[in-house]
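Some notes on the structure that comes next.
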Amino acid sequence: MMFKLNIVTPSKRLVTDGDLVELFVPAYRGELNILPGHAPLVSTLTEGVLKYQLEGSTSLQAVAISWGYVEITPNGVNILAETAESKAEIDLGRAKLALKSAEDSLNKPDVGPEDIEKYHRKRLRAEARIEVAQL
């Protein structure tokens with residue numbers, strides 16, 4: 001059974017028509033494990049690590065993504081993400097600085113409720129980038 005994977009952002013295509021074996025996505029309500037034959041579904045994605053295995057590969061590939069959508073159809077999976085970065089694209093030092101900055105901002109006594117969500121998402125994005133960079 002052919003099951004295709006496409007991962008795209010507004011600025012690039014990471015995977016186009018890859019023959020998918022298995023996929024893990026950071027969906028809004030928790031991680032989804034997607035295999036060929038999965039029921040059709042559309043869900044929002046949150047900041048996190050997307051992992052996939054293509055046919056012919058023996059290991060999972062990892063990508064740090066930010067907000068987006070996953071669409072599962074009988075023919076495959078389309079990932080539309082705001083950003084998606086592979087290990088080669090991530091600057092680990094910069095990601096660690098972004099994590100520290102987000103945590104420092106969250107720990108300020110005067111942080112307003114409107115900023116908590118923003119800094120929380122920045123922290124999650126930095127943690128995902130660090131995880132992928134260290135794989």
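Per DSSP H run of at least 4 residues, take -39500 (n - 2.57); add these up for the chain, divide by its residues and hand me the 222 nm value, nearest 500 deg cm²/dmol.
Helix-only estimate at 222 nm: -9000 deg cm²/dmol.
On a 0 to 90 degree scale, rounded to 10, what angle separates helix 113-133 from the longest Cα axis of the chain?
50
To make sure I understand, if each residue's beta carbon is the centre and we count other beta carbons within 10 Å, what order do 132, 49, 8 fall in, fewest to most?
Least crowded to most crowded, the residues run 8, 49, 132.
Please tell me which of these pairs span more than 29 angstrom C-alpha to C-alpha: 4/87; 12/108; 4/122; 4/100; 87/108?
The answer is 12/108; 4/122; 4/100; 87/108.
Using Cα springs under 10 Å in a Gaussian network model of the chain, which residue among 79, 65, 116 shows the largest mean-square fluctuation?
Judging by the Gaussian network model, the answer is 116.
If Lys and Arg each add +1 and Asp and Glu each add -1, what is the summed charge of the other residues whose beta carbon sits under 10 Å from the beta carbon of residue 135?
Within the 10 Å Cβ shell, the charges total +1.
Given an 8 Å cut-off on Cα distances and at least 6 residues of separation, report the relative contact order of the stretch 24-124 as a percent.
RCO, the stretch 24-124: 20 percent.
Bear in mind that the values in this text are calculations on the coordinates, not laboratory data. Small disclaimer: the values here were computed from a predicted structure and weren't measured. Because the Cβ atoms are built from the backbone with ideal geometry, glycine has one as well, and the counts that use them run over all protein chains shown.
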